[in-house]
Every structure is written in structure tokens, then in C-alpha cells.
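The values are calculated or read from the model by the stated rules, or taken from the named source; none is laboratory data. On a predicted model such as this, the values are computed, not experimentally measured, just so you know. All Cβ positions, even for glycine, are placed from backbone atoms using ideal geometry, and neighbour counts span all protein chains on display. Areas reflect the complete protein model, heavy atoms only, side chains present, ligands, DNA and RNA absent. Shrake-Rupley method; radii C 1.70, N 1.55, O 1.52, S 1.80 Å.
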Amino acid sequence: MRTIAFYIIISAFIFSGCKLLQPKSVSINDSDLENNSNLVEASPDYYLEFIGLKNYTAQQVVDSMRAKQGNTVTGAKVLNACSAVMQRDLGFEYSSSKFVNPNYGYITLIESKPDYGVVEKSLPKDSLAIIEHWFPDGKDISDPANKFSMNFYLQFLRTDGEKLSMKYKLIYNKYATEEEREFTDGILSHINQLDMSKELPLARETLRSDGNLANRYMALIILMRSMPTNNDLGLIFEQYFYDDNHLKSFSTYVLRESIKLRPDFDWSNTTHSVRNLINGAAVHDYDTILKILTDNNFSPELADQVLDPRSPILQDYLNAYESSMSEKALNLIKQLSGDKVNNKKEANQWLASQYHKVQK
């Protein structure tokens, strides 16, 4: 799934008329490889970092990838590390692959959801018909292409609690395909024209009980139009327990914008959900989840309820070679510690002490 993190970084250059900057290749020396056990040179001058390994080493994973792809990989040709391959060929239950440089990518993995403390459930069996008036003609999100288009578009939407609008519109128009722009044309005005006195209760009920994913996707977007109540935010968090990654991704973008409107939000009723997320329930959106928790003042008093030593993902993020990952984890751990840590070393020590308390 495409994200806009890199596009936001370069937006200043777009607006100033400068040429688009491309990410540069990284230079990783032998010392970096020795000091980062999850980092491996998968092919000459091509590096992969594996986040979340418990029973395997990074080299073992690469060796398995090469054995599986041996007939198609020759010489310096790069191994295929996409999520589908990692799950289908190597049996990981979850995988998220992101490439931030031409010769470096990080792959977040879950070997076994129960072993990591990740909780999931199936969608309700009661799958209702499409709520047709929610979808403009020809724009049913049941269609896979439309679903991907809407997921990309969601990253650019924001709310003031009464209506939806766009941010980074120039960036969206630059990176969206012609088909995506055609699909999203008119959707925003359609959603903003819906009668919320009727549609908001229907959206809430849909998120509670409807197994139709297209309806759930649109219900989340409708929910995003209004000032969220505690129960509304609870409904968004609840979506992460369902075993559908697109639903989780939709939920992340809606949560990111909606929770900004509630600086008074009481996190105490969401600790089970937050622990599930930190454990890796939404690995495709893990970076964004960490930032949401940090930016919206998750209470340090709840830290012992959300930190779970069964999952190595947060600590691996903290110790990652990629600085943007490490910084997101460090910022959250600072938040959870009540600003008792100032650097990665102190964060590791504090996190280890918290895990020790949980294990007692």
C-alpha cells in the first residue's frame, strides 16, 4: 500500500518549484552490519532489515528467500521481499515491506500472531447488501481497484468535525493515477452532502454488526465527518481486531484525523486495543500508529497495560538502523515513560524494566 510519508517530506520542494528530490542510496559499512543483528546484505550493496523476528535470524530469512527464489535470482539481482512473497513462500503470518532507499528496505514480520499477543477475530457473518446511497454511481468500494483508490485518497483527507476536506492536494494530483483521480472525483462532495442525523447512526450500527466490508469502509469515512464521541473512537479501535488489513488501514487514516479533535480523550478504555496495536495487529501502518499514540498524549499511567514482552516489534523499531523508525519508537517510549528517558540507551533500559515487571 502506498503511503505519503516521503511525499510530505518533499512537498516543500514541489511548492518552491525545485526539482523533485529522489532518495539516495545508503552506504552501510561492516561495523553497522555487525552492530545491527536484524540488518543483512541480501545482495551486493542491497540491504534488508527485518523487524519482529523471534525464532529466526535475518540471515536465515534471507537464505530461505534465496532458496525459494533461486531459479529467478541471479548475480546481484535483488530478492523479492514483498509482503505476499514473505507470507506465501516463507509462512509469516503478517508482513509489511517498505523501501525507503533504492538499496535499503525494512520488513516488519510476525511469525505467529498468538505468540506475539496479537488478537484477531472474524468479521460478523451477517453481511448486508451495499448501502447504495452511500456510494455515488460506479464508485462501489467492493471493486478492488476502487478500494485501493479510496485507501490512497484517504491519506489526504482531514476533518474539522463537520465536513471532510483535502490536504496536500497538489501532491495527490501528482501521484494519483488517472483512474484514481477519476474514481475520487466527486466523492468528497457526496459524503459532505449526506444527512448526518440519519447516516451517523447507520454508520455506527454498520461498524458494530455488518460483515459487508464495503459498507464498513464507507461507515468509517462517514464517522470521520463528525466530532467523535468516546464511543465513536472506541468503534474505530475495535476495527483493528478484525482479520482484514484493508479495514485496519482505513481505520488508521480515520483515527489519525478524528482523534486530533479530542485532546481530552480518555485512553483508559482502549488499553486492550492499544496493546494489540503495539504488538503488531496493524503492521502495515505501524509507523503511523506509533505517531498517533505519541502525538495524542497517550497516558504514561497506562504504560504497564499496553507493553507486552511477547512482541519484539517495538524494541526492534527502537534499535533499527533506519533513523525515522528508531525516532518514532523512541518518541513513544519517552511518552510512555513520562519523559524519563532521553536517548536510545535509556529507552532500551526502561523498556526492559517494564517488560520485566509485566513478566513477574
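Points worth noting:
- Restricting attention to the range 331-356 and to residues that are more than 12 Å from LEU307 (Cβ to Cβ) and assigned to a loop (DSSP other than H, G, I, E, B), the residue that is most open to solvent (accessible area, probe 1.4 Å) turns out to be LYS340.
- Of all residues in the range 246-256, those satisfying the criterion of being in contact with a Phe, Trp or Tyr (Cβ under 8 Å, 6 or more places away or on another chain) and surrounded by fewer than 23 Cβ atoms within 10 Å (Cβ to Cβ) are HIS246, LEU247, LYS248.
- Considering only residues in the range 197-229 that are open to solvent by less than 10 Å² (accessible area, probe 1.4 Å) and assigned to a loop (DSSP other than H, G, I, E, B), the one that is farthest from SER149 (Cα to Cα) turns out to be PRO228.
- Meets criteria (free of Cβ contacts under 8 Å to residues at least 40 places away in the same chain and outside any helix (DSSP H, G or I)) for ASP232: no
- Every pair of residues 6+ apart whose Cβ atoms lie under 7 Å, when the first sits in the range 336-348 and is among the hydroxyl-bearing types (Ser, Thr, Tyr) while the second is modelled with pLDDT under 95 and exposed (fewer than 11 other Cβ atoms within 10 Å of the Cβ): none
- The range 161-188, residues that are touching a Leu at 6+ places or on another chain (Cβ under 8 Å) and surrounded by fewer than 19 Cβ atoms within 10 Å (Cβ to Cβ): GLY161, SER165, MET166, LYS167, LEU188
- Elements of type helices (runs of 4 or more DSSP H) in the range 239-313, at least 2 residues being over 18 Å from the mean Cα position of the chain (by Cα) and over 19 Å from LYS121 (Cα atoms): 303-306
- Taking the range 314-330 as the range and being crowded, with 17+ Cβ neighbours inside 10 Å and either among the small types (Gly, Ala, Ser) or assigned to a helix (DSSP H, G or I) (or both) as the test, the residues that pass are LEU314, GLN315, ASP316, TYR317, LEU318, ALA320, MET325, SER326, LYS328, ALA329, LEU330.
- Residue ranges of helices (runs of 4 or more DSSP H) in the range 57-158 with at least 1 members modelled with pLDDT under 90 and crowded, with 18+ Cβ neighbours inside 10 Å: 58-68, 83-90
- Among the candidates ILE222, ILE289, residue that is within 25 Å of MET166 (Cβ to Cβ) and without any contact (Cβ under 8 Å) to a residue 40 or more places away in the chain: ILE289
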